[in-house]
Amino acid sequence: MALANENYLKTPEVYCFDDIEKSINAYKILHPDKKLLRLGVGDVTRPLPDEVIAALHKAVDEMAHQDTFRGYSPPQGYDFLIEKTLKEYRSIGVSLEKESIFVNNGAKSDLGNIGHVLGRDNIIAIAAPVYPVYENATIMSGRAGNLNEEGEWSNIVYLHCSEANGFIPELPKERVDIIYLCNPSNPTGVAMDRTELKKWVDYAIENKSIIVYDGAYYSYVNNSDIPLSIYEIKGAKKVAIEVRSYSKIAGFTGLRCGYTVCPSELNAYTLTGESIPFINLWSRRNANYNNGVPYIVQRGAEAIYSRKGKKEVKELVDYYLNNAAFIRCELLRKGLKVFGGEHSPYVWFKIPDGQPSMKYFMHLLYTYAIAGTPGIVFGKAGEGYMRFTGFGSSEDTKEALRRLEM
Ligand code: PLP
């Protein structure tokens, strides 16, 4: 009898993105004449930069010739992409070794898989509300413990974020071993500045903890007080893994490419206290479970570092940021309590009259034909809030906010 990994059955039965899609599809069937405006979508909508398209075409042609054909990629990625990535880090004063970069097929897989190389008994800290992958991966790996009546897991330390702390995660009172930080945050759009992040790095150094730093939205930061990389903070190379992605920077959500940084200084520990370079664990996993990202895709990613590529990427990010800024401004004007939308495509706001987020989602859908994302999909801590995003077209974004005036 083949036994199932029952931890997979334990993921929380709160509303998830699939349920939201089902409600949206039902609405579309019932109202085929109405133009639905999607303000909740977490996916990019603009086409890839021209420079990326040109690089993809060129790489496809290379695959057609004997002397330029490529098979398996090196497991950590091609040097041409890694070198450009290192140069990008150097431009913000961060020097990393070539061996520390692991090109991946986007941030999600590595964020979910990192737990495989870490001991089962680690205490995990996760901000709440947050991108659901960290908690679900912890549950599926059997580390989460038991679910209590508040919908929280006994072995997870929740870093509760709320209006009171401006949705910035605070240091836990107890010792934690692994800390997931998402900066700028999805869903709240709030970004920690250097002072805030330094507290976490210092905490991790003191407690020999590891920070898994999700920098999927780093390119949306446009304020020098907010670091673009955790490695801008002194000592972070000893305690942090940084996961980045080309998805939201350059429209790669469908192409799939990103990278994980594991500096050689970063250690995990055996039960007897012996230090093990994290990179040894991660390289071993990578070599056994990963056959690399397609050559064509890596060439596409490389193109964003050219002068023209950088310009196009900036235009793309600015487009989404302008939408987010518009949403933020309009919601503030309506007197709502609003977070994010400045260094992030995400705008997070408190639902008027304390309505449950799913009810408010349905209200917006059926009254205005607007689809947002109810906060509950990011865990119980997201209840009472709604997420809008700047990923739509600027026309639809303006139209949606205009409809809300009525
Ligand atoms: N991290 C955060 C915070 C995200 O919001 C997302 C996607 O929405 C990801 C990671 C995953 O990105 P990728 O497309 O690179 O897998």
222 nm [θ] for the chain, helices only, -39500 (n - 2.57) per DSSP H run of 4+, per residue, to 500? -11000 deg cm²/dmol
Leaving out ligands, DNA and RNA, and with a 1.4 Å probe, what % of the accessible surface on the stretch 54-306 is carbon or sulfur? 50
Using a probe radius of 1.4 Å on heavy atoms only, what accessible surface per residue do you get for the chain? Whole Å² is fine. 47
Set the bar at 19 Å for Cα to Cα. Now go through LYS87/LYS237; LYS238/LYS310; LYS199/LYS237; LYS108/LYS248; LYS108/LYS310 and name every pair that lies beyond it. LYS238/LYS310; LYS108/LYS310
With labels modelled as points extended 7 Å from the Cα through the Cβ direction, what inter-label distance (nm, one decimal) is found for LYS58 paired with ASP79? 1.8
Antiparallel bridges, percent of DSSP beta bridges restricted to the chain (to nearest 5): 55
Going 7 Å from the Cα of GLU97 toward and past its Cβ, which residues in the stretch 266-285 have a backbone nitrogen under 18 Å from where you end up? 266-269, 275-285
For the chain, what does the alpha-carbon gyration tensor say about shape, rounded, prolate or oblate, given a ≥ b ≥ c as the root eigenvalues, a/c under 1.5 as rounded, and a/b over b/c as prolate? oblate
Would you kindly state how much longer the chain becomes between ILE276 and GLU206 on full extension, computed as 0.36 nm times their sequence separation minus their alpha carbon distance, in nm to one decimal? 23.5 nm
Need one word for the stretch 32-121: rounded, prolate or oblate. Basis is the Cα gyration tensor (sqrt eigenvalues a ≥ b ≥ c); a/c below 1.5 gives rounded, then a/b vs b/c decides. oblate
So if each residue of separation counts as 0.36 nm, and I subtract the Cα-Cα distance between MET362 and ASP50, what length gain in nm does that give? 108.5 nm
Tally Lys and Arg at +1 and Asp and Glu at -1 over the other residues with C-beta under 9 Å from the C-beta of ALA369: what net charge comes out? +3
What FRET efficiency comes out for the pair GLU265/ARG403, r = Cβ-Cβ distance, R0 = 51 Å, nearest 0.05? 0.45
How much length would be gained if the chain were fully extended between ALA2 and TYR27, taking 0.36 nm per residue of separation minus their Cα-Cα distance, in nm to one decimal? 4.9 nm
Among 206-218, 115-127, how do they line up by average Cβ neighbours within 10 Å per residue, starting with the highest? 206-218, 115-127
Burial-style ranking of 388-396, 332-340, average other-beta-carbon count within 10 Å with highest first, yields 388-396, 332-340
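The values are calculated or read from the model by the stated rules, or taken from the named source; none is laboratory data. Not measured: the values here are computed from a predicted model. FYI the Cβ positions are ideal-geometry reconstructions off the backbone, even for glycines, and counts take in every protein chain you see. Side chains included, ligands, DNA and RNA excluded: accessible areas come from the protein's heavy atoms. Shrake-Rupley method; radii C 1.70, N 1.55, O 1.52, S 1.80 Å.
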